Amino acid sequence: MTSLTLPSGCVVEFYDSARKLPESRRVEADCYQLIESGVGSSIDDVDRHFDGLLALANADRKDEFMTAINNLRYLFFNLLHKQLSARSLSLACLVATVDGQPWEDWTEEGLERLVKRLSDEGLTDEMVAETLPAVKKN
């Protein structure tokens, strides 16, 4: 297990590998990671997508342009109702315990509650950005 102590003193333990998760949760973690890699978590990430779209449009690569537009449309649609980043939700899928108590609500709403709880305990985007690669690399 990998541990992270939040500013409030809350200790979160993560599975060492997504491969140790129940299959349905691993698939969900992979889904959020795919969204994260497709959209990103900042306005700069979104701007890079639009820069790429402009390059395709200016290069008269209509088929690739339309594919990129449709992919981006789908990703944005999936994130419209969320107030949380895909990266944070992906990390939440890897949580084993919070303050020694197993986290057992793996519904979409449960993952959102978990991220909000950890945020209330002091979890920052910087911590997520540092912790997720360390945990998911295994």
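Key figures
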| read-out | value |
| --- | --- |
| Debye, to nearest 20: dipole size of the chain, +1 on Lys, Arg Cβ, -1 on Asp, Glu Cβ | 280 debye |
| Where Rh is the Kirkwood radius over Cα pairs, Rg/Rh for region 2-136 | 1.05 |
| Size of electric dipole in region 1-59: Cβ of Lys, Arg +1 and of Asp, Glu -1, about Cα centre, debye, nearest 20 | 240 debye |
| Relative contact order %, region 2-136, counting alpha carbon pairs below 8 Å whose residues are six or more apart | 39 percent |
| R0 of 25 Å, Cβ-Cβ distance Q101-V27: FRET efficiency to nearest 0.05 | 0.55 |
| Order of C10, C93 - criterion: other Cβ atoms within 10 Å of each residue's Cβ, fewest first | C10, C93 |
| Qualifying trypsin sites (Lys or Arg not before Pro) in region 41-138, DSSP loop, other Cβ atoms within 10 Å at most 15 | R61, K82, K137 |
| Cβ-based exposure ranking for I43, I69, I35, in which fewest neighbours within 10 Å come first | I43, I69, I35 |
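Every number here is computed from the coordinates shown, using simple stated rules; none is lab data. Only a predicted model underlies this, so the values are computations on that prediction, with no experimental measurement involved. Glycine gets a Cβ as well: all are built from the backbone with ideal geometry, and neighbour counts include every protein chain shown.
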